[in-house]
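Inspection log for the structure reproduced underneath, given as structure tokens.
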Amino acid sequence: MAKVLSGWKARRYAYALLIAATKAGELDRVEAEVQSLRDLFARTPQLVKFLMQPLVPFSEKERLLRQRLEGRLSPVTLHFLLTVVKHKRAEAFEHIARVFEELVREYRGEVVAEVTSAVPLTDHERAITLQRLQEITGKKVLLRERVDPSIVGGMRIIVGNKLLDLSLRGHLERIRERLRQVFVSAPVEAALADPTDERSGESDGTP
């Protein structure tokens with residue numbers, strides 16, 4: 001089972017890469033290369049297993065990586081990868097890469113908005129959604145779109161840890177919850193009603 005790298009350790013690795021990439025003026029290239037490495041590791045789990053093999057000396061792992069990647073990766077990215085492998089963190093590369101992606105967005109003043117709609121957004125809907133979100137957040141917004149017919153209509157938007165549910169399904173669920181509260185509370189209110197009220201009403205009508 002892969003070891004989980006703690007959040008602060010992953011951030012430390014990712015932050016070091018961000019600093020190195022910006023100093024070298026190659027942030028865009030390094031970002032793309034890190035994504036390519038994520039894809040490579042996802043496609044070849046046997047490579048990750050080899051890089052984590054304690055019986056294989058680091059010099060052998062370094063030789064293999066340089067043979068395959070030197071000249072194809074920037075010196076910044078290759079040095080970072082070798083550092084991760086040397087410290088036996090190859091299994092955590094996916095985690096570190098995700099944190100690096102978040103740091104890059106923070107550095108650029110960007111935020112990701114996950115937009116789920118029942119049908120694909122039209123160009124007009126996409127432009128309006130993007131404009132409104134950028135006005136609200138004050139940042140450059142990157143849309144990640146997903147289609148989910150189960151929300152029926154409208155859209156559901158997640159920005160960071162905030163959810164904006166504008167879907168028809170969400171609207172119906174809120175109505176259902178309100179109705180449930182009404183029908184649950186009605187018997188309680190009836191039970192708490194003053195029984196003397198009814199008796200007093202009857203006595204008032206008696207001649």
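Per the Debye formula on identical point scatterers at the alpha carbon atoms of segment 7-106, with no solvent, log10 I(q)/I(0) at q = 0.10, 0.11, 0.16, 0.22 Å⁻¹ is -0.24, -0.29, -0.63, -1.22. Note on residue 135/residue 44: beta-carbon distance plugged into 1/(1 + (r/R0)^6) with R0 of 30 Å gives a FRET efficiency of 0.10. For residue 155, the residues whose amide H sits under 5 Å from its own are 166, 167, 168, ignoring neighbours fewer than 5 places away on the same chain, with H placed 1.01 Å from N. For residue 57, the shell of other residues with beta-carbons less than 13 Å away shows a net charge of +2, using +1 for Lys and Arg and -1 for Asp and Glu. Proximity of backbone amide H atoms, modeled 1.01 Å from N, is registered between residue 112 and 142, 160 at under 5 Å, excluding neighbours fewer than 5 places apart on the same chain.
Between residue 28 and residue 88, what is 0.36 nm times their sequence separation minus the Cα-Cα distance? Round to one decimal in nm.
19.0 nm
Only the coordinates and a few stated rules stand behind these numbers; no lab work does. All of these numbers come straight from a predicted model, not from anything done at the bench. A quick note on method: Cβ atoms are made from the backbone with ideal geometry, for glycine too, and the neighbour counts reach across all protein chains shown.
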